[in-house]
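In what follows, a single structure is set out as structure tokens and then discussed.
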Amino acid sequence: MPVNIAVLAKQVIDPEMPMAAFRIDDTAKSVVPPASIPPVVNGFDENAVEAALQIKDSQEATVTVLSMGTSFALDVMKKPLSMGADELVLLQDDSFENTIDSFFTAQVLTSAINKLGGFDLIICGRQASDWDNAQVPLGVAEILGLSTVALGKKVDVAGDKVSVERVTPDGYEVVEAPLPALVTVSNELGQPRYPTLRGIMAATRKRPTIWSASDLDMDAGQLEPRVTLRNLFIPVREQQCEMVEGEDGADAGRQLALRLREAKII
Amino acid sequence: MPEATGVLVVGDSIDGELSPTSRELLAVGRRAADDLGEELAISLLGDTLDVPSQQAIAFGADKVYAVTHPLLAEAQVELSLAALDSLCREAAPRVVLIGRTNEGRELAPRLAFRLGVGLAQDCLEVSIDQETRTLLANRPVYGGNAVAVVSLAYTPQIAAVRPKVYEPADPDSSRQGEVVSFPVELDDSQARSRVVNTVQEEAEGIKLEDARIVVSGGRGLGGPEPFQDLEELAKLLGGAVGASRAAVDSGWVPASYQVGLTGKTITPDLYITVAISGASQHLAGCSGSKVIVAINKDAEANIFKEARYGVIGDWEQVVPAFAEAVRELTQD
Ligand SMILES: Cc1cc2nc3c(=O)[nH]c(=O)nc-3n(C[C@H](O)[C@H](O)[C@H](O)COP(=O)(O)OP(=O)(O)OC[C@H]3O[C@@H](n4cnc5c(N)ncnc54)[C@H](O)[C@@H]3O)c2cc1C
Ligand SMILES: Nc1ncnc2c1ncn2[C@@H]1O[C@H](COP(=O)(O)O)[C@@H](O)[C@H]1O
């Protein structure tokens, strides 16, 4: 039996965009997507795709990518397919807004996972680089009652178990959990593979499955917002930087040491 | 469920002592409880809890829920979760505060989902809105580029508070409080995930998160070797070495060196950055430093907006001369 893997991947505003391009719409309390910078697949979710493909490299597996949003840049969201994933399922509806409330997102994703018949292993990014919530995967796991390992840097499946090298503050630990399981991964997993030319060709031909809210079976009570955004603002930094100069770099280094000594900092 | 009241801190102990994070949470929790005119409780999980219970009262708790069970001797997230789930249902707190530590970042969302309520993640500031008697939380979003103020619609209102943002109160050993034992039923089978091996990769010497002085290197160092110079400089200063994610992703130093949003949060007295541009995700982990020094060859680098002292220059010239001068100055 092939291992049936799902990857949850979110489309986000490019977090590497220049800070000057970062703008907030005060009335909508939302971040304005910069006009000339295309969105990306959340970085940690590309790590999640890579983790799934590494499993697929060593054993029979299918990789289905699921994403929820109001609208998608199809060429962006097809990247996991061109890396080697098998299927793409887009949950697209005007009501699937990108809010700070993870509860709703977890609920929608869970309904879609149930509709697809469930998975042996669900791999997610550790957090989405917009709201930095780090909640949706744990929510999906709780709703589905899955065993969970967060912050993996290596993921292996052997028989009915997943074995994960989990990043800790001073190294890592190896954690085993029974399938079905949910694992989140981080950048410590390493660079995601580049799409191959063949992968890109295959991805162009593939059509994603697109489901709207009415295709999913959701319990209205579970869709009530849990978190309300009261305000959103760009923090002001007030620090005045004192530039330490010198005749050349080395002298500036010496002056810096003197300055810190004078200020009793060292 | 009974009417929700009071503030519950999810506490923990380390080596038989109340953890630093729990002490910080008690300071925040005390203020919130006073603003509400309600009780401040703390939960402690383990097998022997006498010492941390008394410490918790000295640091501000009115009530300690001592959740004892032999299986809780070791912190296993699913068992802690099961215990906290039943405590929250029974004690019905209005507000729950959890430290966003390595364990807390998994525990808090899972507890919130299990209880069917919302969570304010990674909070830098929590307060009580007197009018509505609800929690208001400030939290960084978009990699620290923005701050969101959120409130929560259901009780308990759960907030995961970033460690080291709040100072603990001074302990007062004459404070009175009650210790209530809260028995839970747990069994081994609830712990589905199992740690089979632990590997330590951290550098020797002072721990990055405890160091008073930290020297961090970024992509501009160009390779792993210059980190040896930074190690030496850190040693001279009695500090530790950190890094940006770019340096970690390049494989120059282990992940445990990473400072930032998805790395360590540090609050040293002095933070020296070398060839780091100062992306918001990096600053998210170090903006609590008392003094930031930036050495960068690009005058426009964002790090100079956050730094107290800056040198515009090539680290290859600046750092050796700086280290030499530090050696001279600190020897006499
Ligand atoms: C979701 C997410 C989470 C993230 N989490 C973190 C995190 O926890 N920590 C983190 O650090 N980053 C994090 N990042 C990455 C972050 O956005 C930046 O990409 C990263 O911090 C850049 O590292 P850097 O400053 O070393 O490299 P760069 O931005 O490339 O900067 C290198 C700097 O070195 C300077 N330089 C080059 N040569 C020299 C020289 N010879 N002498 C002096 N200066 C020189 C350059 O002027 C430049 O300013 C995260 C990103 C995302 C999207
Ligand atoms: N809208 C979404 N669509 C698909 N996956 C998502 C979505 N939101 C969150 N996720 C998954 O959950 C992870 C953590 O997201 P978050 O909890 O929002 O920080 C992401 O890295 C994704 O793997």
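The values are calculated or read from the model by the stated rules, or taken from the named source; none is laboratory data. Note that the structure is a prediction, hence the values are computed from the model and not measured. Because the Cβ atoms are built from the backbone with ideal geometry, glycine has one as well, and the counts that use them run over all protein chains shown.
Observations on the model:
- Residues located in the range B:207-219, provided they are surrounded by fewer than 19 Cβ atoms within 10 Å (Cβ to Cβ) and farther than 13 Å from residue A:170 by Cβ: B:212, B:219
- Number of the exception - residue B:254 against (1) under 18 Å from residue B:213 (Cβ atoms); (2) at pLDDT below 95: (1)
- For the range A:1-55, residues that are among the aliphatic types (A, V, I, L, M), closer than 23 Å to residue A:137 by Cβ and out of contact with any Phe, Trp or Tyr (no Cβ under 7 Å at 6 or more places or on another chain) total 14.
- Just one of the numbered conditions (1) within 7 Å of another protein chain (Cβ to nearest Cβ); (2) out of contact with any helix residue (DSSP H, G or I) (no Cβ under 8 Å at 6 or more places or on another chain); (3) more than 23 Å from residue B:87 (Cα to Cα) is not true of residue B:143: (2).
- Test set (1) surrounded by fewer than 17 Cβ atoms within 10 Å (Cβ to Cβ); (2) more than 16 Å from ligand 1 (Cβ to nearest atom) - residue A:190 fails condition number: (2)
Per-residue answers, yes or no, for (1) out of contact with any Phe, Trp or Tyr (no Cβ under 9 Å at 6 or more places or on another chain); (2) within 12 Å of ligand 1 (Cβ to nearest atom); (3) within 11 Å of chain A (Cβ to nearest Cβ):
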{"residue": "B:229", "(1), (2), (3)": "no, no, no"}
{"residue": "B:234", "(1), (2), (3)": "yes, no, no"}
{"residue": "B:262", "(1), (2), (3)": "no, yes, yes"}
{"residue": "B:272", "(1), (2), (3)": "no, no, yes"}
{"residue": "B:275", "(1), (2), (3)": "no, yes, no"}
{"residue": "B:284", "(1), (2), (3)": "yes, yes, yes"}
{"residue": "B:308", "(1), (2), (3)": "yes, no, yes"}
{"residue": "B:311", "(1), (2), (3)": "no, yes, yes"}
{"residue": "B:328", "(1), (2), (3)": "yes, no, yes"}
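- Of all the numbered requirements in (1) under 26 Å from residue A:44 (Cβ atoms); (2) more than 16 Å from ligand 2 (Cβ to nearest atom); (3) surrounded by 21 or more Cβ atoms within 10 Å (Cβ to Cβ); (4) of a type in the set (Val, Ile, Thr), residue B:267 misses one, and that requirement is (3).
- Test result for residue A:117, surrounded by fewer than 24 Cβ atoms within 10 Å (Cβ to Cβ), without any contact (Cβ under 8 Å) to a residue 12 or more places away in the chain and more than 14 Å from chain B (Cβ to nearest Cβ): yes
- Unique residue being among the small types (Gly, Ala, Ser) and either in contact with a Cys (Cβ under 8 Å, 6 or more places away or on another chain) or within 16 Å of ligand 2 (Cβ to nearest atom) (or both) when the list is B:205, B:99, B:143: B:143
- Residue match in the range B:179-190 (condition: away from ligand 1 (no atom under 16 Å from the Cβ), of a type in the set (S, T, N, Q) and within 13 Å of chain A (Cβ to nearest Cβ)): yes
- Qualifying position, being buried (at least 18 other Cβ atoms within 10 Å of the Cβ), among the small types (Gly, Ala, Ser) and under 16 Å from residue A:52 (Cα atoms), among A:158, A:203, A:181, A:177: A:181
- Residue check for residue B:68: farther than 29 Å from residue B:193 by Cβ and at pLDDT below 95: no
Rundown of residues vs (1) at pLDDT below 95; (2) of a type in the set (Val, Ile, Thr), yes/no style:
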{"position": "B:188", "(1), (2)": "yes, no"}
{"position": "B:199", "(1), (2)": "yes, yes"}
{"position": "B:205", "(1), (2)": "yes, no"}
{"position": "B:209", "(1), (2)": "yes, no"}
{"position": "B:213", "(1), (2)": "no, yes"}
{"position": "B:221", "(1), (2)": "no, no"}
{"position": "B:225", "(1), (2)": "no, no"}
{"position": "B:229", "(1), (2)": "no, no"}
{"position": "B:237", "(1), (2)": "no, no"}
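- Residue A:213 under 30 Å from residue A:82 (Cα atoms) and hydrophobic (A, V, I, L, M, F, W, C): yes
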